[in-house]
Every structure is written in C-alpha cells, then in structure tokens.
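One structure coming up, written as structure tokens, with questions to follow.
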Amino acid sequence: MKRFVAGIANIDKSLYVIAGGVLACMIILTLCDVILRNLGHPITGSMEFVQYGGAIVFGFSIPYGTLLGAQVIVDIATEKLSPKKKRVVQIITRSIGILIFLFIAYNFSIYGLDARRTGERTASFKIPYYPFAFALSFSFLLQSFTVFCDLLKKVKGADHE
C-alpha cells in the first residue's frame, strides 16, 4: 500500500510540473500576443491556446494541491466535535469526495469518446477536443486516488490537517 501511495504522489507531482510548464507557456504567449497586438500583428488563435492551457493547468494542479492539503477547509460545523467524531466526519466526506471525482472522471471520459466519435475540433487550429477531455478525466481519476490515499490516512488515524 505504501508503494501505491508513493506512486500516486509521484504522478501528482509530475502532473503539477506539467501544469507549471503549461502555465509558463501561457504567460509567454499572452505577453507576446499583447506586444504584437499593439504593433498590429496579433497571434492568431492565442485565446484558443490559453483556454485549453487553462483547462490543463486547472485539472493537473488539483491532485497535487489535495496531496499538500492546500484546499480550503471550513470546519465551523466540526470544530466542536470530539476527535473521534471529527475523524468519522472526515472519513465520510473523503468517501463522498472519491465518488464525486470518479463521477466527474467518468463523465469527462464519456465526453471525450463522444467528441472523438463526432470529430469535434477547435475553431482556429482544428485541434481535436477529445485529448483535453481525456486528460481531464485522467486528472480527476488521479484526484479520486489522491483523496483515497488521504482517506487511508484518516482510517489509520493519522491527522495531516
């Protein structure tokens, strides 16, 4: 089980590095587009690249953020509970989170298969939609595994919050 948790952590970090690289490219592209637009030569399709880059940055950074515990936790309802009851609430919420992220991953997969079947493409560069849908599906599947690893910590009694 330790190998599974370590493997998930490594994949989370790898996706996070990819998200950072895509974000850096988006910044450079936007900067160049603004400069060239002021000179009368905008970069065609730059918004298209920024939109799909944003999807990758968003999707690929979520699992690592969860791994770090960087999400916002509102514990007004649980702060008065005993540690045992708080742990039960955390286990329940993690379990629900796993189901939600699996549902999202499944729906992105269905959308990706549908987009591949219909041949949907972007307007400017005719880039197919389905690779982005499958990338987001993978990211949310990985997110469910990351939450599962956190659930294992909660079940074992480890508290990382």
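Taking the conditions exactly as written (modelled with pLDDT under 90, open to solvent by 50 Å² or more (accessible area, probe 1.4 Å) and either over 19 Å from the mean Cα position of the chain (by Cα) or under 30 Å from Tyr129 (Cα atoms) (or both)), does Lys80 satisfy them or not? Walk me through how you get there before you give the answer.
Working: modelled with pLDDT under 90: yes; open to solvent by 50 Å² or more (accessible area, probe 1.4 Å): yes; either over 19 Å from the mean Cα position of the chain (by Cα) or under 30 Å from Tyr129 (Cα atoms) (or both): yes.
Taking the combined requirement at face value, the residue satisfies it.
Here is a further query. Mind listing just one residue for me: the one in region 100-147 that is in contact (Cβ under 8 Å) with a residue 60 or more places away in the chain and open to solvent by 70 Å² or more (accessible area, probe 1.4 Å) and, of those, nearest to the chain's Cα centre (by Cα)?
Phe145
Would you mind telling me which numbered condition in (1) open to solvent by 40 Å² or more (accessible area, probe 1.4 Å); (2) touching a residue at least 40 places away in the same chain (Cβ under 8 Å) Asp75 fails?
Of the numbered conditions (1) open to solvent by 40 Å² or more (accessible area, probe 1.4 Å); (2) touching a residue at least 40 places away in the same chain (Cβ under 8 Å), the odd one out for Asp75 is (2).
Can you find even one residue in region 49-66 that is in a loop (DSSP other than H, G, I, E, B), open to solvent by less than 50 Å² (accessible area, probe 1.4 Å) and touching a residue at least 12 places away in the same chain (Cβ under 8 Å)?
No; the residues of region 49-66 include none that is in a loop (DSSP other than H, G, I, E, B), open to solvent by less than 50 Å² (accessible area, probe 1.4 Å) and touching a residue at least 12 places away in the same chain (Cβ under 8 Å).
Which one is nearest to Ala123 (Cα to Cα) among residues in region 25-48 that are assigned to a helix (DSSP H, G or I) and open to solvent by less than 50 Å² (accessible area, probe 1.4 Å)?
Per the stated criteria, the residue is Glu48.
Identify the residue in region 83-92 that is of a type in the set (A, V, I, L, M, F, W, C) and open to solvent by less than 80 Å² (accessible area, probe 1.4 Å) and, among all such residues, is farthest from Leu136 (Cα to Cα).
Restricting to residues being of a type in the set (A, V, I, L, M, F, W, C) and open to solvent by less than 80 Å² (accessible area, probe 1.4 Å), the top hit is Val88.
Now for a different question. If I filter region 20-55 down to residues being under 27 Å from the mean Cα position of the chain (by Cα) and small (Gly, Ala, Ser), which single residue comes out as modelled with the lowest pLDDT?
Of everything passing the filter in region 20-55, Gly45 is modelled with the lowest pLDDT.
Could you please give the count of residues in region 111-127 that are part of a loop (DSSP other than H, G, I, E, B) and among the acidic types (Asp, Glu)?
1
Within the bounds of region 2-12, is there any residue that is under 20 Å from Phe125 (Cα atoms) and of a type in the set (A, V, I, L, M, F, W, C)? Spell out the reasoning first.
Within region 2-12, the first condition is being under 20 Å from Phe125 (Cα atoms), and the residues that meet it are none.
Taking every residue of region 2-12 in turn, none turns out to be under 20 Å from Phe125 (Cα atoms) and of a type in the set (A, V, I, L, M, F, W, C).
Just need a number here: residues in region 32-71 that are over 16 Å from Phe134 (Cα atoms) and among the hydrophobic types (A, V, I, L, M, F, W, C).
12
The values are calculated or read from the model by the stated rules, or taken from the named source; none is laboratory data. Owing to the predicted nature of the structure, the values given are computational and were not obtained by experimental measurement. All Cβ positions, glycine included, derive from the backbone under ideal geometry; neighbour counts span all protein chains shown. Keep in mind that these areas ignore ligands, DNA and RNA; they rest on the heavy atoms of the full protein, side chains included. Shrake-Rupley method; radii C 1.70, N 1.55, O 1.52, S 1.80 Å.
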